[in-house]
1. Contact list please: Cβ distance under 6 Å, first residue in segment 35-59 and in contact (Cβ under 8 Å) with a residue 60 or more places away in the chain and within 17 Å of R114 (Cβ to Cβ), second residue among the hydroxyl-bearing types (S, T, Y) and surrounded by 13 or more Cβ atoms within 10 Å (Cβ to Cβ), pairs at least six apart or on different chains.
2. Of all residues in segment 77-123, how many are over 23 Å from E14 (Cα atoms), free of Cβ contacts under 8 Å to residues at least 12 places away in the same chain and either surrounded by 20 or more Cβ atoms within 10 Å (Cβ to Cβ) or among the small types (G, A, S) (or both)?
3. Among S94, S118, which is closer than 17 Å to L50 by Cα and either of a type in the set (A, V, I, L, M, F, W, C) or assigned to a loop (DSSP other than H, G, I, E, B) (or both)?
4. Of everything in segment 60-76, what is surrounded by 15 or more Cβ atoms within 10 Å (Cβ to Cβ), in a loop (DSSP other than H, G, I, E, B) and free of Cβ contacts under 8 Å to residues at least 40 places away in the same chain? Give them in sequence order.
Amino acid sequence: MKGLIQRVSGARVEVGGEVVGAIDHGLLVLVGVEPEDSEESANRLLHKLLNYRVFGDDEGKMNLSLSDVGGGLLLVSQFTLAADTRKGLRPSFSSAAPPERGAALFDFLVEQARARHSLVATGRFGANMQVHLVNDGPVTFLLEA
């Protein structure tokens, strides 16, 4: 399971002009699910999302986690993260989990996140989404679990 995290001062997801998820200060996470991923992978990724130190402390050093700062967590499914881009000029999506499996694991990740963190929002799985964000830094990392 992959999570492309971006530290944001604000982010929102719209579907058909309607805001379906939004946060202020926190992390926007684009989530890609691969065929070998499991609930264990989702739990490992969630642990990293909540504890990865990407927020500045009093000295401006990245020593604080999302849990430390109490920021929002916006989870957005993005199967294109699992694309194989090593050959040619067109991505292959054979390395992405089938939609049913991807939806189940994404839903599991969201459920676990809501049980462990108070500020969790999401996009809508499989929808054509417009993601708006203000990347703070910019700070972006690709986490794999």
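1. That search, which allows pairs on different chains as well, returns L50/S67.
2. 4
3. On the way: S94 fails: closer than 17 Å to L50 by Cα.
Sole residue among the options that is closer than 17 Å to L50 by Cα and either of a type in the set (A, V, I, L, M, F, W, C) or assigned to a loop (DSSP other than H, G, I, E, B) (or both): S118.
4. S65
A quick yes/no check of all residues on (1) in a helix (DSSP H, G or I); (2) farther than 20 Å from D24 by Cα:
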residue	(1), (2)
R90	no, yes
F106	yes, yes
L109	yes, yes
A113	yes, no
V131	no, no
V134	no, no
V139	no, no
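The numbers here are math on the coordinates, done by the rules we state, and not lab data. Since the model is a prediction, treat every value here as computed from it, not as a measurement. For neighbour counting, all protein chains shown are included, and Cβ atoms are generated from backbone atoms with ideal geometry for every residue, glycine included.
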